[in-house]
Every structure is written in structure tokens, then in C-alpha cells.
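Quick note: the coordinates plus some simple rules give every number you see, no bench work behind them. What you see is a predicted model, and the numbers here were worked out from it, not measured in a lab. Glycine also receives a Cβ, built like all others from the backbone with ideal geometry; neighbour counts cover every protein chain displayed.
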Amino acid sequence: MRILLVEPDYYARYPPLGLLKIATHHRLAGDDVYLVRGRTQEDLPEPDRIYVTSLFTYAWRSVRDAVAYYRGLFPGSKILLGGIYASLLPSHARLLGADEVHVGLKPELEDLVPSWDLIPEWDGSILFASRGCIRKCGFCSVPKLEGPPTDLRQQIKNLIYPRHKRVILWDNNILGNANWEPIFDELAGLDYEVDFNQGLDARRVTREVARKLKKLRLHSIRMAYDYPGVGPFVERAIKLLDEEGISRRKIVVYTLYNYVDTPQNFRDRVAELLSWGVTSYPMRFEPLTSLTKNAWVSPNWTEEELQMVAAARRVMGYAGAFPPYDALVRKVTNARTFREAFELAKPKTFEHKNTRRRNPRYAGPLDWYSYVSKMHAS
């Protein structure tokens, strides 16, 4: 058969792992496989089967456009739609015109090495040492898509592509599983940079975990501070990592907001993280079945307050995060309220000494810019 794999034209930081595993599955059966992104203009042979993947629910329009485009291009081909959006909103996905909508994982693909040669520019092996999670966080899709922990692997070397330089683990909570230790030991013996991409559960970080992490080549360590009650565990985890020689500057903590929290609570958590010397990365809550990005406003928040966080991330932060730069630490921790912490200073204006008229040529920048550049330089 001829197989066409389609990744819709939405923003995606990582390659379509599911499609690449499907490619391996069909290649093992002797099929010809083609991978495209968006509505390609390549001269493709008519496929027998077309697989279209999906990502977040609010990116569904790109999925719809891809299905419609390839339906028009190859009316006789069977189109199968799967992925996160299709699994979370199958009834909605069935309206897009695919012949079949697949919900959930495909177990027969789990042990296959993705066909990384289809994207030779990519340099990291993405894999799972486990599926599922011990937690049941209401804001997360994992309990619905994967459920409790399953498929615990004792080794992962066989899933690493030899030409890659990085190993990217997409486990939802590797420290919550009994196999974390053999996986860490195996990674320590391999010459790859390691990225626990979905983050590490701060509540499960012990001194032994910190010692084993120190043996790995880590660009950064991600954790999360989603609720006030998690704060003591996050602080303890940071302290343990620091004591084992892992720089606090390497620690990034996802900070959920617009969920059940309040703006003031968000400020408090950001202030704590900055005072602990780590980076806070704000994560705006989006309902699992949202069809429009950033449309949801929690009852505890206002649109104005959400826009203040967005503006602060652009102006005060760096790459959308709040690093523990001295000036930023002072501003947030010294502020008594959310508004004091995240409200930007108004632009200065200057008047010509003779005409007393505002001269746009000399319109001053936001006060914050005068020292944010110094923070970035440090």
C-alpha cells in the first residue's frame, strides 16, 4: 500500500511522534510511506490510506482544513484521524469528514522506534518509559487519555535513534513509577543530553533522586507549582537539588494560573519561586475541550488581569518566563498585591523646552526597559 501521513499546519514544537510510529508500522509491512505537513504542493502518488494527526483541541481548524484538502486531492483514499483532539472530542472530530476517528493510543505501536529518518533535521529521540500517571489533576488530559501508570519499561536504550544527540522522555510522571531508578541508571551510562520534558513531580524528589539526576546531562529540570499546598514540596525539592550540586538557575517551575487560583495567589507563588532562585514559567489554564485558545476566563480572574500577566511575560520576562533576575525578584517580592507585581510602568513623555509640545521622537520607553536589558545581560 501507499501511505500518506499528514501533520496539519498548526504550531508544534515537537515532531508528530504518533505518525512516525505509524510510518515504522507500515514500513515493516512493506508499504510505501510519505510524510507531509499542512497542505503540501508536492507531486504525491495517490495513497491507499491517509493518516491525519491532531494536537490541542483549539487547533482543530487546521485539522479540518487538512482533512478537506486531502479529501479533495485524493477522493478515493481512506482518511483516518487520530491524536489528542480526536481523542478528547471524538464527536466533534467526526464532523470534519474523515472516514474513521481513532480514540486513544494504538498499543501495537508502543514498542516501535519512530521513523526518524523522515525528519533528518531533528536531533532528539522522543520516547516513553511509562504511560499514565499516579495523579488525577483536573486540569490535565492524561487521566482521560492514558489513565493510571502502565507499560513500565526497565530499559529504553532500544528506543533511542543512534544518530540523535538527545533523549526526550515524555513520561507524565516518571518519579511516580517503580521503574524510575533503572531508567535513571541506564541514562547515566549513555552519552546523551536528557530532557524530562513533561517535568518531575516535586513531591517525589528525594535525596536519592537528586543524586541520580546529578549524574545525568541535564539542560534544565522542570517541575510544577500548581497549588499553594505544593509549595513546601517544591521548596524542599529545590533545596535537595541545590545541595547535590544542581544549579538553581537550571530549574524551571511551571506556574498554573486562571484555574482555581486567584491573581493574588498567583503572585504569591511567583514571588516564592523567584525568592528561591528558580525560574517561574506561567502556564495559563485552558479547558481540555476548548475550541478557541485563550477564550476561557476563570471566575476568579478578569480579562484585564490575564492580559497583565501576558504583557508582563513579554516585557518583564524572558522567553515567556520570569527568571530570578535581581530587579525582577525585587519588583515581584516587594509588591503587596498582584497589580503592583505585574502592572507595567507607563511610558514617559518629554516636552520640548520651547514649544511645550510632546515630541514623539523623544517618547521614552517603559520604565522597566531601562533595567530589563541589564538583567538579560547578566
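Rounded to the nearest Å, what's the spacing between the alpha carbon centres of segment 287-351 and segment 216-247? Just the number, please.
So the two Cα centres are separated by 23 Å.
How much net charge surrounds Phe184 when only other residues with a Cβ under 11 Å from its Cβ are counted (Lys, Arg +1; Asp, Glu -1)?
My count for the surroundings of Phe184 gives 0.
Want the number for Cys137 to Ala310: 0.36 nm per residue separation, take away the alpha-carbon distance, what's left?
Full extension from Cys137 to Ala310 adds 59.9 nm.
Full extension from Asp117 to His164: what is 0.36 nm times the residue separation minus their Cα-Cα distance, to one decimal in nm? Kindly include the intermediate steps, with their values, before the conclusion.
Details: separation 47, 0.36 × 47 = 16.92 nm, distance 1.06 nm.
In short, 15.9 nm is gained.
Using the Karplus curve 6.51 cos²θ - 1.76 cosθ + 1.60 with θ = phi - 60°, work out ³J(HN,Hα) for each residue of segment 77-89 in order, rounded to whole Hz, and write x for Gly and Pro.
8, 7, 10, 10, 10, x, x, 5, 4, 4, 7, 7, 10
With a 4.7 Å Cβ cut-off, tell me which Cys residues in the chain come up empty for a partner.
Lone cysteines by the Cβ rule: Cys133.
How do Ser91, Ser130 rank when sorted from fewest to most other Cβ atoms within 10 Å of their own Cβ?
Ordered from fewest to most neighbouring Cβ atoms within 10 Å, Ser91, Ser130 come out as Ser91, Ser130.
Can you run phi through the Karplus equation (6.51, -1.76, 1.60; θ = phi - 60°) for segment 112-119 and list ³J(HN,Hα) in whole Hz, with x for Gly and Pro?
With coefficients 6.51, -1.76 and 1.60, one gets 8, 7, x, 7, 5, 5, 6, 10 Hz.
What FRET efficiency would be calculated for the residue pair His92, Ala29, taking the C-beta separation as r and a Förster radius of 35 Å, to the nearest 0.05?
The value I calculate is 0.65.
Do any of Lys214/Lys331; Lys78/Lys165; Lys21/Lys215; Lys215/Lys239 go past 27 Å between their Cα atoms, and which? Please report the intermediate quantities before stating the final value.
On the way: Lys214/Lys331 32 Å; Lys78/Lys165 37 Å; Lys21/Lys215 30 Å; Lys215/Lys239 17 Å.
Long pairs (Cα-Cα over 27 Å): Lys214/Lys331; Lys78/Lys165; Lys21/Lys215.
Enumerate the aspartates and glutamates that Lys250 could reach by cross-link, defined here as Cα to Cα under 17 Å, with residues fewer than 8 away along the same chain left out.
Glu193, Asp195, Asp201, Glu235, Asp242, Glu272, Asp326
Within 10 Å of each residue's Cβ, count the other Cβ atoms and sort Asp226, Asp43 from fewest upward.
Asp43, Asp226
Can you run phi through the Karplus equation (6.51, -1.76, 1.60; θ = phi - 60°) for segment 279-290 and list ³J(HN,Hα) in whole Hz, with x for Gly and Pro?
Karplus-based 3J(HN,Hα) across segment 279-290 equals 8, 9, 10, x, 10, 6, 5, 10, x, 4, 10, 5 Hz.
So, R0 is 25 Å and r is the distance between the beta-carbons of Lys157 and Leu288; what FRET efficiency does that work out to, to 0.05?
Plugging the Cβ-Cβ distance into 1/(1 + (r/R0)^6) gives 0.15.
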